[in-house]
């Protein structure tokens, strides 16, 4: 599979993402503590809904990035952990709203919140969690942090709306795709990194470098996520292939295939998409075309270009164990398989 | 009608709410300018949805309160007007979400946004508007303002959830009712007043007094809104009676009637509510019971108690034309008829 061939080009001493993340057990425990402490509402129902999504085994890579960039810029306090939960709350809030909007049935292996508590309470719990996150972000005495976080929430909503507007649109526009990715995914990962540097009162060049690392890593992360949607083994339990397609979302692998496939496959693809034929046979053929046309390789190369940019930008920081960890995290994002 | 008898107890030289608000034409023009300048998104669709609700003829009493409290505390700059749009954005965002949640068909005489653009885009436009408001609130160099605003968004969501949890519950608990009112309505009006004082760098006693004025005014405002839901002339075009009831919301007038009605009426009310019989005949009899049992008078008295508290709290400020205007606004909230 092209995906594997590509990812081998990135060298590291770790076998997989779980390996590298297991290095950070102490950090993840402190992050989990802070997450529990800060999200309490007066209302049990709000706690139930928010707890359902917050403690369902997400990777918590965003808080980890906040902590690592704070430390890279010379800060290592409890405040850093408190702040780090902000992006995780925003992420969870967006997932609550997304699942209502997209009708996703499962989230992190559990039924989506709206299937248990209904659309109304789930939308409102999302509103609460957004507000709680921004309130927390504004409790560190720096308006720059509150601004970075609220700007990100606006961007995330714009990204989802952009995506919504393009549903069912089969014309390929890589720039439009990248704008959606930047808004809906990269903006939050960029903010996660930036606020760590801001809390450390880092120089503006360092704040910008932190933001850029997250920005490029976030774009790569989403591109690979979209690629994985077409590389899953359809026989495997859990996530099938073509989930994005079934939601009408045209992502880079399919968009590239529409450009790169041979004439026969292209004609078939266009007519299949027009007919919205999403039978298993069709999905398997789409998967095959994406791999054999070179569209998957093109997609993964794109992701790797962004990973490269993320890593290069770390060059303004002095070499240190934390900088090396951030380099490894970037390289492993490129290799993740789910 | 008891409502009128009660409201006459409050003296003033103006005939109605429109009269007193027309005094502030200059302020409202500057508020409208600021509203236009600050809400722009990169996305036309977001602008369309937000513009639909922002420029549909709301009274903009919240921004006016921000401006008046800023001035009462000695500040009168363009910044004050810029800040004043924040609570109006939050209010509009909450209306966008509320209409999706409650299925309200019309808003300010126009079709509700979700009926034009769908639930998904409307939820996301609401998210955008919340975020835009908080971002704006964090652009004045004072974290206290950003905190007040984000705390309010959390409270508003909690208030809506509380209300949602009580839908269909016919047991009367005035404290629970007042908590919902405080969270979903008063918290934002309190914040509108408080941020004006905060921007003026007012003393903490003045900030607290501004907040308390808005808090009590907001509670009174919502109680009267709930009373108006049962006092409208059913023959009049526009808003009918019993809208809250049809949404399953038990508000103070009906709750009080369930306590105060005679035995026959009480039995009839309980069985009618249980059967969810909302025919015009039933609604007219409910209206009659609310008026004749004294429940409406009780409700209006409650509102007037809160108006009184709002006005009394202004006593810590020196007498001035602005303080007198705030007193008149409070008294007119008590008299509003729609």
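Computed from the coordinates by the stated procedures, all read-outs in this text should not be read as laboratory data. Bear in mind the structure is a predicted one, so any value in this text is a computation, not a measurement. Every residue, glycine as well, gets a Cβ built from its backbone with ideal geometry; the counts of neighbours run over all protein chains shown.
Could you state the angle between the C-alpha long axis of helix B:321-333 and the longest principal axis of the C-alpha atoms of chain B, as a value from 0 to 90 degrees rounded to the nearest 10? Value to nearest ten degrees: 20. Using only Cα atoms, find the angle between the long axis of helix B:25-38 and the longest principal axis of chain B, and express it within 0 to 90 degrees, rounded to the nearest 10. Long axis of B:25-38 versus the principal axis of chain B: about 80 degrees. Note on residue B:33 and residue B:116: the extension gain reaches 27.3 nm, defined as 0.36 nm multiplied by sequence separation minus the Cα-Cα distance. Each peptide in A:243-250, B:146-153 was scored by the mean count of other Cβ atoms within 10 Å over its residues; highest first, the order is B:146-153, A:243-250.
Computed on chain A, with alpha-carbon pairs under 8 angstrom and 6+ residues apart, the relative contact order is 20 percent. The range A:304-337 and the range B:145-192 have Cα centres separated by 45 Å. Across the copies of the chain, residue B:48 has label points (7 Å from Cα along Cα→Cβ) spaced 3.9 nm apart, shortest distance listed first.
Highest first, please rank the peptides B:257-268, B:119-130, B:297-308, B:72-83 by the mean number of other Cβ atoms sitting within 10 Å of their residues.
Highest-to-lowest ranking by the protection proxy: B:119-130, B:297-308, B:72-83, B:257-268.
Roughly how crowded by other chains is peptide A:113-121, in terms of the mean Cβ count from those chains within 10 Å of each of its Cβ atoms? Numbers along the way, then the final one.
On the way: counts 0, 0, 0, 0, 2, 2, 4, 11, 6.
Mean inter-chain Cβ contacts per residue within 10 Å come to 3.
Secondary-structure-derived ellipticity at 222 nm for chain A, considering helices only, amounts to -23000 deg cm²/dmol, per-run term -39500 (n - 2.57) for DSSP H runs with n ≥ 4. Averaged over peptide A:93-103, the number of partner chain Cβ atoms lying within 10 Å of each residue's Cβ comes to 2. For chain A, the longest principal axis of the Cα atoms and the long axis of helix A:187-199 meet at an angle of about 20 degrees.
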